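The values are calculated or read from the model by the stated rules, or taken from the named source; none is laboratory data. Bear in mind the structure is a predicted one, so any value in this text is a computation, not a measurement. Using ideal geometry, Cβ is built from the backbone for each residue, glycine included, and neighbour counts are taken over all protein chains shown. With ligands, DNA and RNA removed, areas are computed over all heavy atoms of the protein, side chains included. Shrake-Rupley method; radii C 1.70, N 1.55, O 1.52, S 1.80 Å.
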Amino acid sequence: VLRAGGVFSHLGYDLKLEERIFEWEENADGSFTRDYTDQWNVLLDSKGNSYSIQSYLQWKYNIASNLTLNTGLHLLHFGLNSNTSVEPRIGLNWQFSPRQSLAVGVGRHSRIESLSTYFVRRQNAQGEKVLPNRNLPLQKSTHYILSYNLALAKKLNFK
């Protein structure tokens, strides 16, 4: 069995986050109190659209009547900063009795952070407002899986 597909996601955002600037004031007893000013520091201020595209290709092959190999390739593209990740995946399922199976798998997975993460504004050494996370790469992890399945009834499984 060979399967292919994809998902297109439109990502609209309207982000605004400010923090009030304060100074620490020392009290007579040695404790400190925040003294808020009338000034605000803009941390986020962005409005717009972006997108993500995911596509996949899966191949399921029956090696024997009780042994199945699943392989696949997943692609994730984030339009905001043009980061792309190609993620291979593989799994093996062994049906060692009519009601029991054992499976192993490994795969690479990526994710897009919350959109607000990419638009955090900071001031650099020259006093300019910059977006340090704008080109943040996709966060990646490798997942290892070992599973056991027992069919307790027609529509009831223990995994």
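Enter the mean projected area of the convex hull around the alpha-carbon atoms of the range 8-94, in nm², rounded to one decimal.
On the way: hull surface 47.2 nm².
Directional mean of the projected Cα hull area for the range 8-94 stands at 11.8 nm².
Cα gyration tensor of the range 45-108, axes a ≥ b ≥ c as square roots of the eigenvalues: rounded (a/c below 1.5), prolate (a/b > b/c) or oblate? Prolate shape, in that a/c is at least 1.5 and a/b is the bigger ratio. At a Förster distance of 41 Å, what's the computed FRET efficiency of Ile53 paired with Trp24, Cβ-Cβ distance as r, to 0.05? Calculated transfer efficiency: 0.30.
Annotation: for a label point projected 7 angstrom from Cα along Cα→Cβ of His10, residues of the range 39-60 with backbone N closer than 17 Å are 47-54. Of the Cα atoms belonging to the range 62-150, the radius of gyration and Dmax stand at 20.6, 69 Å.
Per residue, the accessible area of the range 91-159 comes to 73 Å² when a 1.4 Å probe rolls over the protein heavy atoms. For the range 20-75, the carbon plus sulfur part of the accessible surface works out to 50%, probe radius 1.4 Å. Surface exposure of the range 1-88, expressed per residue as accessible area with a 1.4 Å probe, stands at 70 Å². Compactness of the chain is given as radius of gyration and Dmax, 25.2, 81 Å, from Cα positions. What accessible surface, in Å², does a 1.4 Å probe find on His143, ignoring ligands, DNA and RNA and rounding to the nearest 10? The accessible area comes out at roughly 80 Å².
Note on Asn41 and His143: the model spin-label points, each 7 Å out from Cα along the C-beta direction, lie 3.8 nm apart.
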